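Report on the structure given below.
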Amino acid sequence: MAQQKSRHPAGQPPQHQGKRPGHQGPMNPQPSETRPGYRGSGKLRDKVALITGGDSGIGRAIAVLYAREGAKVGILYLNEDEDARETRRLVEAEGQPCTILSGDAGQEEICRNAVERMIADHGRLDIVINNAAEQHPQKSIEYITAEQLERTFRTNIFSQFFMVKAALPHLHEGACIVNTTSVTAYKGSPELLDYSATKGAIVAFTRSLSMALADRGIRVNAVAPGPIWTPLIPSTFDEEKVESFGSNVPMKRAGQPDEVAPCFVFLASADSSYMSGQVLHPNGGTVVNG
């Protein structure tokens, strides 16, 4: 237990990135994304996975662990080129190829192009991870513009519809889809009204899609992280909130991306073969229903 505490200390220094989306390089401390001590056992051997928002944070940690489990990986990201190249380096260090694709996952054509590229590179697609997201904290609903509302929904939920539509013709029996939702879908957030609404929509989308695709043998599940130390945090919260980020959960600290990624390994592997329409909750001990 002492080793776990030293790896994931509570609290972060005050910091803020003035540009969105956030970048991982300036973060202090750097997020933990490679899960030292995690040994792959071939759970995803020869699988092909496409991960949106795979350039940093949770998406990067998923890419690394998938590669360690034997999967070929592709990541779709917005414009964080340096972060994406680092993800590719980490995946290749695990002995697997990594296709990096820049584009807005909230645009249907971008999703189609990403899927087509993965099919061209690998001839198949087995796993779709819908992880791209953005948030824009506001003091009240009066400050949420129509443009912000549409942008948040487009990135967080439209992207998942578009990616599933693009991927579905190539997904076979035994394939799986894993969507990233959030603890805010269950407990709410007064400063993240539009973000939380999209995350609630993702829960409903996951459950409905799992029912729609059950006859095809395609499983659909989701992960609802709590406060996780990713570039989204210093790029959207002020310094004071960053410093206290994660302190309000029972474990009294923010989680790390590589504490969430094993959930995505489990849901993409045969270990979860009898699970669909479910949500896992790596959230630092917050008890939620559903």
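The values are calculated or read from the model by the stated rules, or taken from the named source; none is laboratory data. Values in this document were obtained by computation on a predicted structure and should not be read as measured data. In this analysis, Cβ positions are derived from the backbone assuming ideal geometry, glycine residues included, and neighbour counts consider all displayed protein chains.
A search for C-beta distances below 8 Å between a residue of the range 81-100 that is touching a residue at least 24 places away in the same chain (Cβ under 8 Å) and any residue that is among the aromatic types (F, W, Y) and outside any helix (DSSP H, G or I), counting only pairs 6+ apart in sequence or on different chains, returns D83/Y77; A84/Y77; I100/Y77. Beta carbons closer than 9 Å, at least 6 apart along the sequence or on distinct chains, pair a first residue in the range 41-59 that is in contact (Cβ under 8 Å) with a residue 12 or more places away in the chain and under 10 Å from E69 (Cβ atoms) with a second that is surrounded by fewer than 24 Cβ atoms within 10 Å (Cβ to Cβ) and of a type in the set (S, T, Y) for K43/S269; L44/S269; K47/S269. Just one of the listed residues (D258, D215, D238, D194) is at pLDDT below 95 and among the acidic types (D, E), and it is D238.
Scanning the range 136-163 for residues that are closer than 17 Å to A201 by Cβ and modelled with pLDDT under 95 yields one hit, H136. Screening the candidates G188, G174 for the property of being more than 14 Å from the chain's Cα centre (by Cα), modelled with pLDDT of 95 or more and more than 21 Å from N221 (Cβ to Cβ) yields one hit, G188.
When the residues of the range 252-270 are filtered to those that are among the small types (G, A, S) and either more than 19 Å from V220 (Cβ to Cβ) or surrounded by fewer than 22 Cβ atoms within 10 Å (Cβ to Cβ) (or both), the one that is nearest to the chain's Cα centre (by Cα) is G255.
The strands (runs of 3 or more DSSP E) falling completely within the range 49-135 that include 1 or more residues that are among the aliphatic types (A, V, I, L, M) and either surrounded by fewer than 24 Cβ atoms within 10 Å (Cβ to Cβ) or modelled with pLDDT under 95 (or both) map to 98-102. Just one of the listed residues (S210, S196, S182) is in contact (Cβ under 8 Å) with a residue 12 or more places away in the chain, over 25 Å from G285 (Cβ atoms) and among the polar types (S, T, N, Q), and it is S210.
Mind listing just one residue for me: the one in the range 209-227 that is touching a strand residue (DSSP E or B) at 6+ places or on another chain (Cβ under 8 Å) and more than 17 Å from A268 (Cα to Cα) and, of those, surrounded by the fewest Cβ atoms within 10 Å (Cβ to Cβ)?
P227
When T230 is tested against (1) more than 15 Å from the chain's Cα centre (by Cα); (2) among the polar types (S, T, N, Q); (3) modelled with pLDDT under 95, only condition (1) is not met. Selection of helices (runs of 4 or more DSSP H) fully inside the range 159-222 by the criterion of at least 1 residues being more than 23 Å from Q107 (Cβ to Cβ) returns 184-187, 193-213.
K139 passes every criterion in (1) surrounded by fewer than 16 Cβ atoms within 10 Å (Cβ to Cβ); (2) touching a residue at least 24 places away in the same chain (Cβ under 8 Å); (3) touching a strand residue (DSSP E or B) at 6+ places or on another chain (Cβ under 9 Å) apart from (3).
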